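K.L.:
Before we start, here is the structure in question, set down as structure tokens.
The values are calculated or read from the model by the stated rules, or taken from the named source; none is laboratory data. Remember, it's a predicted structure, so these values are computed and weren't measured experimentally. No Cβ is skipped: glycine too gets one built from the backbone with ideal geometry, and neighbour counts run over all protein chains shown.
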Amino acid sequence: MNLIVRTFCCFFIISVTCLASFGSIQAATKPVVEINTSMGKIIVELDNRRAPQTVKNFLTYVKKKSYDGTIFHRVIKGFMIQGGGFGIDNIKKPTRRPVRNESNNGLENLTGTIAMARTTHVDSATRQFYINLNNNTESLDATFTELGYTVFGKVVIGLDIVFNIADVKTAPVRSLGKNAPIDQVVIYSISLIETTNKTEQKVK
């Protein structure tokens, strides 16, 4: 009887350990992207568990190199920086089908988070994204009565670069709106990288 109990306990401990290890692996497999800009590199971890469709949509643009050579066309200090939708010629880039709004996923528009820009139609997000410069939960998050703007990740390295971009001087540009950087902030590329550890080594 004691042998059976000991065997069961060992099996239970091994099972729990394996599950814990699997959970750690799962937690470590969130996609990480590098946004290489004319002002420095920004590393972003994407939450594909809580915003699966949004992350899938974003990574489709990334893998097709659709963000390469675009700009941050809208910069509002104290609010957010927005980009990915216009080229260096200030012409709007083509888009894929809009992605379903996932703003009720529990992620908030906090400082350093990345979210999808959209029109007044809740399911209109395509390729443009923004990074929050402040805690914009009251104005951008979902409420009990209406959907907000979908957060799908957070900056893990390079938040100083984000705030440096926020400091650039802006002016109205007909095709871009009234908050366009006078000196373009170019997104040279956005690329998918494997892990945060490898990213940290790469940035150094």
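K.L.:
Find all pairs meeting these conditions: Cβ atoms under 6 angstrom apart; at least six residues apart or on different chains; first residue within region 132-161 and in a helix (DSSP H, G or I); second residue surrounded by 16 or more Cβ atoms within 10 Å (Cβ to Cβ) and among the hydroxyl-bearing types (Ser, Thr, Tyr).
P.N.:
So the pair list comes out as Leu140/Tyr149.
K.L.:
Which condition does Asp123 not pass, out of (1) surrounded by 16 or more Cβ atoms within 10 Å (Cβ to Cβ); (2) farther than 15 Å from Ile190 by Cβ; (3) not basic (Lys, Arg), if it passes all the others?
P.N.:
(1)
K.L.:
Kindly list the number of the only condition in (1) more than 23 Å from Ile187 (Cβ to Cβ); (2) modelled with pLDDT of 95 or more that fails for Leu59.
P.N.:
(1)
K.L.:
Quick check: anything in region 57-77 touching a residue at least 24 places away in the same chain (Cβ under 8 Å), closer than 12 Å to Ile165 by Cβ and in a loop (DSSP other than H, G, I, E, B)?
P.N.:
To start, the set of residues in region 57-77 that are touching a residue at least 24 places away in the same chain (Cβ under 8 Å) comprises 57-63, 65-77.
Now drop any that are not closer than 12 Å to Ile165 by Cβ, which leaves 71-77.
Add one more test, that the residue is in a loop (DSSP other than H, G, I, E, B), and what stays is 77.
The answer is yes; a qualifying residue exists.
K.L.:
Here is a further query. Quick check: is even one residue across region 93-107 over 18 Å from the mean Cα position of the chain (by Cα), surrounded by fewer than 23 Cβ atoms within 10 Å (Cβ to Cβ) and not in a loop (DSSP other than H, G, I, E, B)?
P.N.:
no
K.L.:
Right, Gly84: in contact with a Gly (Cβ under 8 Å, 6 or more places away or on another chain) and in the same structural domain as Val168 (by TED's automatic domain parsing) or not?
P.N.:
no
K.L.:
Let me ask you something else. Of these, Thr126, Thr145, Thr113, which one is touching a Lys or Arg at 6+ places or on another chain (Cβ under 7 Å), of a type in the set (S, T, N, Q) and either modelled with pLDDT under 95 or closer than 16 Å to Ile42 by Cβ (or both)?
P.N.:
Values: Thr126 fails: either modelled with pLDDT under 95 or closer than 16 Å to Ile42 by Cβ (or both); Thr145 fails: touching a Lys or Arg at 6+ places or on another chain (Cβ under 7 Å).
On inspection, the qualifying residue turns out to be Thr113.
K.L.:
While we're here: Just wondering, is there one or more residues in region 163-172 that are among the acidic types (Asp, Glu) and farther than 15 Å from Glu102 by Cβ?
P.N.:
The answer is yes, given that some residue of region 163-172 is among the acidic types (Asp, Glu) and farther than 15 Å from Glu102 by Cβ.
K.L.:
Can you tell me which residue is nearest to Thr54 (Cα to Cα) among those in region 130-165 that are more than 16 Å from the chain's Cα centre (by Cα) and buried (at least 21 other Cβ atoms within 10 Å of the Cβ)?
P.N.:
Taking the candidates together, the pick is Ala142.
K.L.:
Here's something else I'd like to know. Residue by residue through region 51-91, note down the ones that are charged (D, E, K, R) and either within 12 Å of the chain's Cα centre (by Cα) or crowded, with 17+ Cβ neighbours inside 10 Å (or both). Let's see the steps before the verdict.
P.N.:
Going residue by residue through region 51-91, those that are charged (D, E, K, R) are 56, 63-65, 68, 74, 77, 89.
Listed by number, the residues that qualify are Lys56, Arg74.
K.L.:
Hey, among Asn90, Asn101, which residue is out of contact with any Pro (no Cβ under 9 Å at 6 or more places or on another chain), among the polar types (S, T, N, Q) and free of Cβ contacts under 8 Å to residues at least 60 places away in the same chain?
P.N.:
Selected residue: Asn101, the only one of Asn90, Asn101 that is out of contact with any Pro (no Cβ under 9 Å at 6 or more places or on another chain), among the polar types (S, T, N, Q) and free of Cβ contacts under 8 Å to residues at least 60 places away in the same chain.
K.L.:
For region 164-195, give me each residue that is out of contact with any Lys or Arg (no Cβ under 9 Å at 6 or more places or on another chain), more than 12 Å from His73 (Cβ to Cβ) and not in a loop (DSSP other than H, G, I, E, B).
P.N.:
Asn164, Tyr188
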